[in-house]
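Data first, discussion second: the structure below is written as structure tokens.
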Amino acid sequence: MNTSLQDEQTSSQARIPVAVSERHVHLTQTSIEQLFCDKYQLHEHSRVSQPTEFAARETVTLVGPRGRIANVRVIGPAREENQVEISQTDALALGVGAPLRESGDIKDSPGIVVEGPRACVRLEHGVIRTLRHIHLATAEAARHGLKDRDRIDVTKEGAHPRTLFCDVLVRVSSASKSELHLDPDESDAAGLHMGAYVAIKRKP
């Protein structure tokens, strides 16, 4: 391959690792105390890919009209609103019509019962399937000519790349770690796994 052409292709793409986001819940402090104990604080189990969050030791059970899913990880720290993030497979198992939304967009979303060791909490809304998205640190986004809320295509790496996903949302923040976030259904359909890499094209 011509060296200048190879350099041009390399510079026009960003290599991004894949993170598979399993089902999880974000809870308010009020819900945490209702589910676990008064003045309860979540205990860190492990760090997650985005540096401002952690996977807690605590888990809950989701109870829907059709079924229940146990051992669902709580993600800390506490948030201002409850949010339950599941896949389409989970939604079918629970019997919940979870809309495809950007994280945080829970208006008019369905509710669910969350069961903890102390009690059950009925959430009036907050259940969503999270829109696939790419997190980019501010400096890296600038290098690739991208800004917050841009939409891009994601391609498979290799000598013969093919488009895997179109119109993927870009989220840019100084606290972000660069990653493509997919749910398990999406990663399985694309033949991707945690730690795989994809390529994105720069904006013209």
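The values are calculated or read from the model by the stated rules, or taken from the named source; none is laboratory data. As the structure is a prediction and not an experimental result, all values here were calculated from the model. All Cβ positions, glycine included, derive from the backbone under ideal geometry; neighbour counts span all protein chains shown. Quick note on the areas: whole protein, heavy atoms, side chains included, nothing else; ligands and nucleic acids left out. Shrake-Rupley method; radii C 1.70, N 1.55, O 1.52, S 1.80 Å.
Working note: Cα gyration tensor of the chain, eigenvalues times five, square-rooted, sorted largest first, giving semi-axes of 35, 18, 14 Å. Computed from point charges on the beta carbon alone (+1 for Lys and Arg, -1 for Asp and Glu), the dipole magnitude for the chain about its Cα centre is near 180 Debye. Taking the stretch 78-203 as the region of interest, the number of lysine pairs whose Cα atoms are within less than 27 Å, with members eight or more places apart or on different chains, is 10.
Only one residue of A98, P161, C120 has its Cα farthest out toward the positive end of the dipole of the chain, where Lys and Arg carry +1 and Asp and Glu -1 on Cβ, and that residue is P161.
Farthest toward the positive end of the dipole of the chain, out of Q88, V198, L27, is the Cα of V198, where the dipole comes from beta carbon charges about the Cα centre.
Projection of the Cα convex hull of the stretch 145-204, averaged over all directions and equal to a quarter of that hull's surface, yields 4.7 nm². With both labels modelled 7 Å from their Cα along Cα-to-Cβ, the T59 to E81 distance reads 2.8 nm. Once all protein chains are placed together, L42 keeps about 30 Å² accessible to a 1.4 angstrom probe. Binning the C-alpha pair distances of the stretch 80-170 at 5 Å intervals from 0 yields a P(r) profile of 3, 12, 17, 17, 16, 13, 10, 7, 5, 1, 0 %, listed from the shortest bin outward.
Given the chain, what percent of its DSSP beta bridges are antiparallel, to the nearest 5? Roughly 70 percent of the beta bridges in the chain run antiparallel, per DSSP. Extending 7 Å from the Cα toward the beta-carbon at both A119 and M194 defines two label points whose distance is 3.4 nm. Rounded to a whole number, what % of the accessible area of the chain do carbon and sulfur atoms account for, probe 1.4 Å? Accessible surface attributable to carbon and sulfur in the chain totals 48 percent. Using the Cα gyration tensor of the stretch 28-70, with a ≥ b ≥ c the square roots of its eigenvalues, what is the shape: rounded (a/c below 1.5), prolate (a/b larger than b/c) or oblate (neither)? Verdict is oblate for the stretch 28-70.
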